[in-house]
Amino acid sequence: MEPMTVNGLLTRLYDVIVRPVIMLLFAVAFLLFIYGIFQFIKNVDDEGERATGKRNMLYGIIGMVIMVSVFGIIRIIHGTIGSNEPLPSINEQIEPQVEGGI
């Protein structure tokens with residue numbers, strides 16, 4: 001078994017912990033945005049509820065922008081520390097390194 005480098009550890013932490021948390025928060029922000037749209041459309045006559053729907057849509061958009069920005073900030077930090085290993089993209093999955101066979 002090969003010892004893990006600091007770059008490998010950071011890449012693994014990003015893939016196992018940071019990326020799933022960011023994607024979960026992005027999904028929550030998206031659902032808040034969708035809920036705000038439904039609130040806005042459902043309450044055509046009630047101005048107070050429409051304002052709540054607008055606020056929920058705004059918070060959802062702000063949350064999604066922040067989550068996308070976090071990915072960019074992480075990539076900037078990763079490039080600044082001079083890591084040799086590229087970070088996996090959002091859609092790319094790291095395959096576990098299994099030695100041996102069945």
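Things to note:
- Meets criteria (modelled with pLDDT under 85 and open to solvent by 50 Å² or more (accessible area, probe 1.4 Å)) for Val98: yes
- Test: residue in the stretch 37-53 that is within 30 Å of Gly79 (Cβ to Cβ), of a type in the set (S, T, N, Q) and more than 15 Å from the chain's Cα centre (by Cα): no
- Residue selected from the stretch 6-16 under the condition over 17 Å from Ile76 (Cβ atoms) and in contact (Cβ under 8 Å) with a residue 40 or more places away in the chain, by the criterion most open to solvent (accessible area, probe 1.4 Å): Arg12
- The stretch 49-66, residues that are open to solvent by 50 Å² or more (accessible area, probe 1.4 Å) and hydrophobic (A, V, I, L, M, F, W, C): Leu58, Ile61, Ile62, Val65, Ile66
- The stretch 29-48 - residue that is in contact with a helix residue (DSSP H, G or I) (Cβ under 7 Å, 6 or more places away or on another chain) and either at pLDDT below 90 or open to solvent by 70 Å² or more (accessible area, probe 1.4 Å) (or both) and, of those, farthest from Gly60 (Cα to Cα): Tyr35
The values are calculated or read from the model by the stated rules, or taken from the named source; none is laboratory data. It should be emphasised that the depicted structure is a prediction, and the values quoted were computed from it without experimental measurement. Don't worry about glycine lacking a Cβ; one is built from the backbone with ideal geometry, like all the others, and counts go over all protein chains shown. Remember, those area values only see protein heavy atoms, side chains included, never the ligands or the DNA or RNA. Shrake-Rupley method; radii C 1.70, N 1.55, O 1.52, S 1.80 Å.
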